[in-house]
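Data block below; observations after.
No lab work stands behind these numbers, since they all come straight from the coordinates. Here the structure is a predicted model, which is why all the values come from computation and not from measurement.
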Amino acid sequence: MRQNERLAGCAGAVAPVTTRVGGPFVVMKRVFPVLAFAALALAAGAPRAEAVLIDFNAENSGTPALNWSGSPDWSVSGGSVDLIGSGPGGTAFDFLPGHGLYIDLDGSTSNAADAFSHVFLGLSAGTYVLAFDLAGNQRNAGFESVTVTFGSLVETFDSTVFTQTTPFTTVTRIVTVGNDPILSFSSSGGDNVGLLLDNVSVEGVPEPATLLLLGAGIAGLGLRRRRG
Ligand SMILES: [Ca+2]
Ligand SMILES: [Ca+2]
């Protein structure tokens, strides 16, 4: 099977190119859209990890807890966080109604947690979309900051952007991680008032390297076509 036939088969919906009648220029003219289609098909069909969404609503049996000690899913160290908001077990400090339970990253011990973290056990090394909702403290104009660490991502967010009145705002980053990666939120501050966190999610994306290689191949063929 010639190369152009094999690629057409991969694409699945493109008629095989079976003849070189018309010379190289015609062949390239036909192969170019086939390759483009194949790239799109591969991108669409690339393995995707199941999305993981953590909304905190069922933590602690749905009951708010100051200086929450964490759970099998989340560990707290080097300080404290508060589990606040509203759940079936009660309501406490629900500054942003409609979000169920969520996290105040500076707890009630005058020492914001150095690490509020979750291990994504079973998540394979690769490239993912990390998203989470962050909000201002909703209480005062004090300076707040949190450093988020997850694989290739180390980024600090603070109250110059997430001001006192900033509502939950989704932050989205593409990150590369190893196996069983740890997501950690490290906060500064000791006034018991911190940035608020909710809706952490991780979802797989196609490997950029694959798309880049395909894109380079298509671009190269286009160049050859123009030169031909
Ligand atoms: Ca929530
Ligand atoms: Ca607090």
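Taking every C-alpha pair closer than 8 Å and separated by at least 6 residues, the mean separation divided by the residue count of segment 41-143 gives a relative contact order of 25 percent.
Fraction of C-alpha pairs exceeding 22 angstrom in segment 52-204: 34 percent, rounded to a whole number.
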